[in-house]
Amino acid sequence: MLFSEAKDVVSAAFALRETNPGVYGGSWSDGSDAQILECFSPINGAPLGRVTEAGAGDLAEVAGRSLSAAAAWAEVPAPKRGEIVAEIGRELAMWKNELGLLVSIEAGKTLSEGQGEVQEMIDLAGFAAGLSRQLYGLTIASERPHHRMYEQWHPLGAVAVITSFNFPCAVWSWNAFIAAVVGDAVIWKPSSRTPLTAIAVTRLVGRVMERHSLPPVFSLLVGGGGGVGNALLEDPRLSMVSFTGSVATGKKVAEVVSQRLGRTLLELGGNNGVIVSDKADLDMALKGVAFGALATAGQRCTSTRRLLLHENVYSGLLERLVRAYQHVRVGDPLLAETLVGPLIDEGAVETYLEAVRRAVDQGGRLVCGGTRASVPGCEGGHYVLPAIIEADPAMDIVREETFGPLLYVLRYRDLQEACALHNAVPQGLSSALFTRDLREEEYFLSHRGSDCGLANINTSTAGAEIGGAFGGEKDTGGGRESGSDAWKAYARRQTVSINHGADLPLAQGVRFEIA
Ligand code: NAD
């Protein structure tokens with residue numbers, strides 16, 4: 001598809017204009033600070049539109065409305081909230097093609113990945129709707145006679161969701177749909193690099209809410225991290241801040257929110273390793289590694305950045321991987337045959353090239369790629385050739401997350417050594433082992449194996465399903481979003497004790513007699 005065609009399709013579908021209001025709290029308005037955000041496509045640098053940024057004044061207004069919305073929304077029975085979220089899923093499904101295209105032109109994802117991102121939201125809506133009938137609490141055996149104990153989960157009220165550029169809408173849905181069925185209202189601050197997708201999603205969601213005359217449960221504030229982003233962190237009305245982004249920003253978020261004893265849910269950077277054993281299905285491993293390292297041009301939190309190869313398969317698999325890289329098409333993500341699109345902006349290209357230089361300076365051997373790529377017809381775009389670097393675990397840079405298609409290859413002799421190498425980085429998001437050996441698989445999954453939030457056997461570090469709790473350990477922040485019982489992060493737990501007897505027995509047999 002041609003870029004100009006795609007731009008016309010999305011502009012018409014979502015009523016995007018040259019300048020768009022960046023504040024939604026039941027109605028759209030321009031940001032009060034009159035700051036303008038210019039949006040460009042990473043595909044070719046073409047302008048996509050402008051957005052008026054929200055300021056602190058807008059937050060004051062929207063947070064107030066969100067709190068009232070949360071109070072009204074909490075009165076709606078959870079399964080009814082689930083029905084609304086299911087309807088939002090159907091609305092998104094009706095606009096899947098257009099929204100997927102917008103993700104592609106704004107974030108530079110391939111057509112298939114853009115559509116996949118919207119599908120993830122649709123799946124999440126279905127999951128959340130089912131969950132709305134399963135917000136279970138435990139009953140607990142009481143030690144006191146004629147007492148009953150149980151726990152129940154109440155909504156938190158208004159929560160903030162701050163998202164990264166690389167999943168311009170799916171990450172919001174992991175949080176927002178779950179928080180909504182629990183009974184919270186959500187204020188979304190998307191990345192300033194992908195605000196148009198957020199505006200389009202909020203328009204679709206707003207339509208459903210307005211159709212049912214519901215209050216603004218889903219609000220939007222487009223603005224920079226230092227401005228409205230920081231103000232969100234400081235606002236005591238927002239009981240929880242769910243933050244997805246880099247480790248460096250996440251640390252600031254944790255510090256500011258914890259100062260006011262607010263809750264955080266942190267989904268930060270990864271530095272994900274794949275171990276390929278000499279007992280692996282090597283064809284499968286090759287595909288899994290290539291997908292993990294190259295999809296979304298290496299700009300996934302779960303991208304494969306480190307490849308640990310058993311010494312018996314090291315040369316053979318590395319050679320095959322290099323050949324595969326040479327056949328991968330880097331270019332315009334709107335063309336069906338493209339597998340690797342652009343990086344998000346010029347800054348990302350510079351960071352990538354600098355990381356390659358540093359890796360070589362530290363003793364790494366650049367096997368392929370690692371340079372800019374020129375793509376005819378996309379001259380203003382931000383393309384690089386994916387790099388493979390033979391590395392040494394002592395190299396500092398191997399411990400860092402570089403957000404681009406950069407793969408460090410390391411050699412190991414036995415699985416114990418591989419797991420130690422694998423875990424010797426600050427991040428702990430996703431991990432994988434390719435093997436057909438049951439003992440190896442079990443070792444990797446034991447407490448001695450992977451220290452990550454996600455452990456995969458014979459599949460890629462990237463491409464998680466929504467049904468599992470998603471997130472990681474160590475510098476990745478410890479948060480869990482999306483499936484399983486991750487919903488509990490958006491709720492407050494209340495332990496209830498009811499005495500239905502005629503006496504007042506005390507716990508632990510404590511005696512307290514008053515005359
Ligand atoms: P980033 O940290 O630059 O920005 C993330 C968000 O934080 C943006 O919305 C930004 O505007 C906002 N922000 C920046 N400064 C802020 C401040 N002081 N206060 C409040 N908000 C502020 O990250 P990015 O470049 O957009 O995204 C890439 C990073 O996100 C990578 O490290 C990637 O691994 C990580 N990520 C993690 C997950 C996960 O689930 N673990 C998922 C996706 C991305």
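Since every read-out is calculated from the coordinates, none of them should be taken as a lab result. These numbers come from a predicted model, not from an experiment. A quick note on method: Cβ atoms are made from the backbone with ideal geometry, for glycine too, and the neighbour counts reach across all protein chains shown.
Things to note:
- Ratio of the Cα radius of gyration of the chain to 2.2 N^0.38 Å, where N counts its residues: 1.03
- Compared with the direct C-alpha span, the chain from residue 374 to residue 9 gains 128.7 nm at full extension, assuming 0.36 nm per residue.
- Kirkwood Rh and Cα Rg combined as Rg/Rh, segment 272-465: 0.96
- Length added when fully stretched, residue 256-residue 354, from 0.36 nm per residue minus Cα-Cα: 32.2 nm
- Residue-count net charge about residue 303 - beta-carbon cut-off 14 Å; Lys, Arg +1, Asp, Glu -1: +1
- Taking amide H as placed 1.01 Å from N in the peptide plane, residue 275 has its amide H under 5 Å from the amide H of 308, 432, 433, 434, each at least 5 places away in sequence or on another chain.
- Remark: relative contact order (segment 272-465) = 30 percent; criterion is Cα-Cα distance under 8 angstrom and separation of 6 or more residues.
- Relative to the 2.2 N^0.38 Å rule of thumb, segment 222-381 has a C-alpha radius of gyration ratio of 1.30.
- Size of charge dipole - the chain - debye, nearest 20, with Cβ of Lys, Arg +1 and Asp, Glu -1, no other charges: 700 debye
- If you plug the beta carbon distance of residue 90 and residue 511 into 1/(1 + (r/R0)^6) with R0 = 60 Å, you get a FRET efficiency near 0.50.
- Taken along the Cα-to-beta-carbon direction at a fixed 7 Å, the label points for residue 362 and residue 336 span 4.2 nm.
- Contact order normalised by residue count of segment 1-139, Cα under 8 Å, 6+ apart, percent: 23 percent
- A dipole drawn for segment 272-465 from +1 and -1 charges on Cβ atoms has a positive end, and of 406, 434, 356 the residue lying farthest that way is 434.
- Förster-model FRET efficiency, 41 Å R0, residue 97 and residue 212, C-beta, rounded to 0.05: 0.95
- Förster radius 60 Å - calculated FRET efficiency between residue 283 and residue 495 (Cβ-Cβ, nearest 0.05): 0.70
- Average projection, convex hull of the Cα set of segment 455-510: 7.8 square nanometres.
- Of the GluC sites (Glu not before Pro) in segment 336-405, the ones in a loop by DSSP (not H, G, I, E or B) with at most 16 other beta carbons within 10 Å are 337, 379.
- Here segment 272-465 is treated with +1 on each Lys and Arg Cβ and -1 on each Asp and Glu Cβ, and its dipole about the Cα centre works out to around 220 debye.
- Amide H contacts of residue 473 (H built 1.01 Å from N, in plane; Pro and chain starts excluded): 428, 429, 453, 478 sit under 5 Å, all sequence-distant by 5 or more or on other chains.
- Shape call, segment 6-62: gyration tensor on alpha carbons, a/c limit 1.5: oblate
- Remark: segment 95-241 projects, on average over all directions, an area of 11.1 nm² (convex hull of Cα atoms).
- Local electrostatic count at residue 280 - Lys and Arg +1, Asp and Glu -1, tallied over other residues with Cβ under 13 Å: -2
- Scanning the chain for chymotrypsin sites (Phe, Trp or Tyr not before Pro) lying in DSSP loops with no more than 15 further Cβ atoms inside 10 Å, the longest uninterrupted stretch between such sites is 137-511.
- Compactness of segment 54-175, expressed as Rg and Dmax over alpha-carbon positions, Å: 18.9, 65
- Scanning the chain for DSSP H helices at least 27 Å long along the axis (C-alpha atoms) with a Kyte-Doolittle mean no lower than -0.5 picks out 111-131.
- Taking each residue as 0.36 nm, the span from residue 446 to residue 143 lengthens on full extension beyond its C-alpha to C-alpha distance by 105.5 nm.
- Here the chain carries DSSP beta bridges of which approximately 40% are antiparallel, counting only pairs with both residues inside.
- Cβ-based charge dipole, the chain, positive-most Cα from 338, 505, 292: 505
- The loop-placed trypsin sites (Lys or Arg not before Pro) in segment 402-446, going by DSSP, that have at most 13 neighbouring Cβ atoms within 10 Å of their Cβ come out as 413, 436.
- Residues of segment 488-509 with amide N under 19 Å of the 7 Å Cα→Cβ point at residue 150: 488, 491-501
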